[in-house]
Amino acid sequence: MLKWNQKQTVQISALLIAVSFVLMKWLGNEPVTIALMLTTSAVAGVSIFKKAIAALRYRIIGIDTLVTLAVIGAIAIGEYWEAAAVTFLFTLGNYLEARTLERTRSSIRALMDLAPDIARVRRDGGETVVSPEEVRLGEVVIVKPGEKIPVDGTVIEGNAYVNQAAVTGEALPLSRKAGEMVFSGTIIESGYLLVSAERVGNNTTFARIMHLVEEAQDNKAKAQKFLESFARYYTPAIMLLAALLLIVTRDVHLALTILVISCPGALVISTPISIVAGIGNGAKHGILFKGGEVMEKLGAVRAIAFDKTGTLTEGKPTVTKVTTYGIDELTLLRHTAIGEAYSEHPLAAAIVAEARLRNGGPIQGMAEQVRIITGQGISFLYQGRAYYVGNRKLFAHKGWNTEEYEAYLQSEEQQGQTVIMVGTEAGILGMISIADTVRSGAAKLVTRLRAQGISNMTMLTGDNGRAAQAIAGTTGLDACYSELLPEDKVHILKRLAHRHGSIAMVGDGVNDAPALASADLGIAIGGAGKDVAMETADVVLMGGDIDKLSYAVGLSRAAARNIKQNISFALLVVGLLLTGVLLQTVDMSIGMLIHEGSVLLVILNAMRLSRYGRITNKRET
Amino acid sequence: MSHMTFQLETVSCPSCINKIEGMLSKTKGIQRAEVRFNTSRVRVEFDGNIVSSSGIGAKIEKLGYRVLSGM
């Protein structure tokens, strides 16, 4: 038997049906015309019939079975043209659907293609090429221009411009040199690097992202679950209707036509196809959606709560001002740093870094009896003197009166500073103001979100009220809740969700895990090594910054709209086809044409989502 | 209970989902079967004592869908 692929089958049956049509118009239904029409049905139908039989073996009725039944019926009642047209249109439709589906899914495929395929490692004194999974931890990987970095690791030698689009969605190449991190799946555009492998194979950031994207595509949205159960009942119901009509009206042609339109194909794929296009678009822009339902939710959200440190701010506090009383600034910083070196608090790190910078090198000296008092500060002994470093609470606890410094503290805090007081038994020696820089894009983002209709934006932070207020003010947020413990954040989120219908929480995922999990929608600033955030959140902004949040909101809205359009269009088609067939204005081949056409239109509509950012970007520039 | 995910060649028609899921859920020993349309994968939960994973793969092939790999 001749074996054709799908494309050849479509081409040959197209030729056959065209000739049949000409013969029919020219000669009428002569034996030669009929023979040609039957050949068309056979050529186009053979794979349909085969599938129908395979399914029947398991007593399952699929669309192939229905089409086969309709074609056999049509031939039996002498409607040869209908039989040929239906098989041809069905085959053509399937072929076009497969092609367009392929294109819709291609943006995700393109991402998968970024997976590295070889690794050049230094082994046994030479250079060996192995597959990326075979690289051992700690091995030195050599990456040359144009090659993909096969592991996550630290650069130990070399200079290069690296395109990190695979991990961050950012296409501008970044300069990378010794001591800096690079990621698997990113590409060296120029230069070369020697990288010490820290994560390989399935543990690399890229592999994790790929895994999440794969899972997300088929994470069914609510609408989809509903439609699938609808389709499950619709098809048997229509078949029953066809049988009833046959018994009541004795009109075989009508009953067969009903069979042809009984599978609501456009309806079944209306949601998944929009979702795959949306998720693909997001992934290309460094936004990871964990499924269709997440897009539906983000599209509907009107209130967003932000974490402060690491989300609205850079998350790297620095010393901005030192004020001293009877001691020079460097000495104050040095003595403070000697004690703070024992603390892991980010503010302590800021003081140590500043002291080293001003000292021009590491600080010498040993502190003794270091006590860390959580939420207050530390105390320690240095050269026989007791030092106290911390906030108001620390000194209030010790019964000191810091009333005279209150005005200074408040004025600093109003400017968004966190002030650390340093004292000995003799009194306060000085004040160190520390601030975290607000991310450059934060204010712009808030403005854009507001323009998109996000009416309520708040900040949740554990920091002091005045500093929080200052940051909320500069970024243009509606409100801020400060001095919160993690469980307070959860309570406030519940209240806000109650007031605004639903709420999204944006955080960097380390200390915000409970908040991210308890919000209707958790959005994590993810990327580089922030695995916990990536796993717990519903949406991950891969670039490590919040700028893309407004794009994510816009894309989600576009996806939600796209799904709605697809569903309403598909429902409309189902309704019209059914009415048309019952009123006998739609016959078998027209019914098939409309059915296949509607499936294609739904896919094409979803493809618009793949192009989402391109259109809006143009409009903005 | 065992899990298995089969990678099929691209599934393009929407009715394939119902067909494959229907066939598998009627098979003895299979608890749950889910066709993932966008990735063309089938995830099956089954009792290894009653059916084997290769048996499930063969059944899918017999229905007319090529199985590229099982994992």
Quiz item: Pick from A:Ala84, A:Ala42: which is in contact with a helix residue (DSSP H, G or I) (Cβ under 9 Å, 6 or more places away or on another chain), assigned to a helix (DSSP H, G or I), without any contact (Cβ under 8 Å) to a residue 12 or more places away in the chain and surrounded by 16 or more Cβ atoms within 10 Å (Cβ to Cβ)?
Solution: A:Ala42
Quiz prompt | Number of the condition not met by A:Ala242 [criteria: (1) closer than 28 Å to A:Gly575 by Cα; (2) surrounded by fewer than 20 Cβ atoms within 10 Å (Cβ to Cβ); (3) away from chain B (no Cβ under 14 Å)] | solution = (2)
Quiz item: Which condition does A:Gln6 not pass, out of (1) within 28 Å of B:Met23 (Cβ to Cβ); (2) out of contact with any helix residue (DSSP H, G or I) (no Cβ under 6 Å at 6 or more places or on another chain), if it passes all the others?
Solution: (2)
Exercise. Mind listing whichever residues of segment B:9-21 are surrounded by fewer than 21 Cβ atoms within 10 Å (Cβ to Cβ) and either more than 11 Å from chain A (Cβ to nearest Cβ) or within 10 Å of the chain's Cα centre (by Cα) (or both)?
Key: B:Glu21
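Are any residues in segment A:192-238 of a type in the set (Ser, Thr, Tyr) and in contact with a Pro (Cβ under 9 Å, 6 or more places away or on another chain), and if so, which ones?
Start the filter on segment A:192-238 by keeping residues that are of a type in the set (Ser, Thr, Tyr), which leaves A:192, A:196, A:204-205, A:229, A:233-235.
Those that are of a type in the set (Ser, Thr, Tyr) and in contact with a Pro (Cβ under 9 Å, 6 or more places away or on another chain): A:Tyr192, A:Thr204, A:Tyr234, A:Thr235.
Residue-wise test of (1) modelled with pLDDT under 85; (2) more than 14 Å from chain B (Cβ to nearest Cβ).
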residue	(1), (2)
A:Ser274	no, no
A:Gly278	no, no
A:Phe289	no, no
A:Lys308	yes, yes
A:Lys316	yes, yes
A:Arg334	no, yes
A:Gly339	no, yes
A:Tyr342	no, yes
Quiz item: So which residues in segment A:176-208 are in contact with a helix residue (DSSP H, G or I) (Cβ under 7 Å, 6 or more places away or on another chain) and of a type in the set (A, V, I, L, M, F, W, C)?
Solution: A:Phe183, A:Val200, A:Phe206, A:Ala207
Self-check item: Check on B:Arg66, more than 9 Å from chain A (Cβ to nearest Cβ) and under 27 Å from A:Arg99 (Cβ atoms)
Solution: yes
Exercise. Please tell me if A:Ala243 is of a type in the set (A, V, I, L, M, F, W, C) and at pLDDT 80 or above.
Key: yes
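Results for (1) part of a strand (DSSP E or B); (2) without any contact (Cβ under 8 Å) to a residue 12 or more places away in the chain; (3) of a type in the set (Lys, Arg), shown as yes or no for each residue.
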{"site": "A:Ser175", "(1), (2), (3)": "yes, no, no"}
{"site": "A:Gly179", "(1), (2), (3)": "no, no, no"}
{"site": "A:Ser184", "(1), (2), (3)": "no, no, no"}
{"site": "A:Ser190", "(1), (2), (3)": "yes, no, no"}
{"site": "A:Leu194", "(1), (2), (3)": "yes, no, no"}
{"site": "A:Glu198", "(1), (2), (3)": "yes, no, no"}
{"site": "A:Leu212", "(1), (2), (3)": "no, no, no"}
{"site": "A:Ala223", "(1), (2), (3)": "no, no, no"}
{"site": "A:Ala237", "(1), (2), (3)": "no, yes, no"}
Exercise. From (1) in the same structural domain as A:Tyr408 (by TED's automatic domain parsing); (2) in a helix (DSSP H, G or I); (3) of a type outside the set (S, T, N, Q), pick out the condition that doesn't hold for A:Met295.
Key: (1)
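What number of residues within segment A:363-386 are of a type outside the set (A, V, I, L, M, F, W, C), closer than 22 Å to A:Thr323 by Cα and surrounded by fewer than 17 Cβ atoms within 10 Å (Cβ to Cβ)?
Our first condition is that a residue be of a type outside the set (A, V, I, L, M, F, W, C); within segment A:363-386, this holds for A:364-365, A:368-369, A:371, A:374-377, A:379, A:382-385.
Imposing the further condition that a residue be closer than 22 Å to A:Thr323 by Cα reduces the set to A:376-377, A:379, A:382, A:385.
Now restrict to residues that are surrounded by fewer than 17 Cβ atoms within 10 Å (Cβ to Cβ): A:385.
Qualifying residue count for the region: 1.
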Quiz item: Taking segment B:49-71 as the search range and keeping residues that are at pLDDT 85 or above and over 22 Å from A:Leu56 (Cα atoms), which one is surrounded by the fewest Cβ atoms within 10 Å (Cβ to Cβ)?
Solution: B:Asn49
Quiz prompt | Verdict on A:Thr104 being β-branched (Val, Ile, Thr) and either under 17 Å from A:Ser274 (Cα atoms) or facing chain B (nearest Cβ under 10 Å) (or both) | solution = yes
Exercise. Residue by residue through segment A:361-414, note down the ones that are β-branched (Val, Ile, Thr) and touching a strand residue (DSSP E or B) at 6+ places or on another chain (Cβ under 9 Å).
Key: A:Val370, A:Ile372, A:Ile373, A:Ile378, A:Val389, A:Thr402
Quiz prompt | Flag for A:Ser482 being touching a helix residue (DSSP H, G or I) at 6+ places or on another chain (Cβ under 6 Å), modelled with pLDDT of 90 or more, crowded, with 17+ Cβ neighbours inside 10 Å and more than 26 Å from A:Glu293 (Cβ to Cβ) | solution = no
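For (1) at the interface with chain A (Cβ under 10 Å from one of its Cβ atoms); (2) not aromatic (Phe, Trp, Tyr), each residue gets a yes or a no:
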{"site": "B:Ser2", "(1), (2)": "no, yes"}
{"site": "B:Gln7", "(1), (2)": "no, yes"}
{"site": "B:Ile30", "(1), (2)": "no, yes"}
{"site": "B:Arg41", "(1), (2)": "yes, yes"}
{"site": "B:Phe46", "(1), (2)": "no, no"}
{"site": "B:Ile50", "(1), (2)": "no, yes"}
{"site": "B:Ser53", "(1), (2)": "no, yes"}
{"site": "B:Gly57", "(1), (2)": "no, yes"}
Quiz item: List the pairs whose first member sits in segment A:453-468 and is assigned to a loop (DSSP other than H, G, I, E, B) and surrounded by fewer than 20 Cβ atoms within 10 Å (Cβ to Cβ), whose second member is modelled with pLDDT under 85 and of a type in the set (A, V, I, L, M), and whose Cβ atoms are under 8 Å apart, counting only residues at least 6 apart or on separate chains?
Solution: A:Gly462/A:Leu484; A:Gly462/A:Leu485
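The values are calculated or read from the model by the stated rules, or taken from the named source; none is laboratory data. Quick caveat: nothing in here was measured; it's all calculated off a predicted structure. All Cβ positions, even for glycine, are placed from backbone atoms using ideal geometry, and neighbour counts span all protein chains on display.
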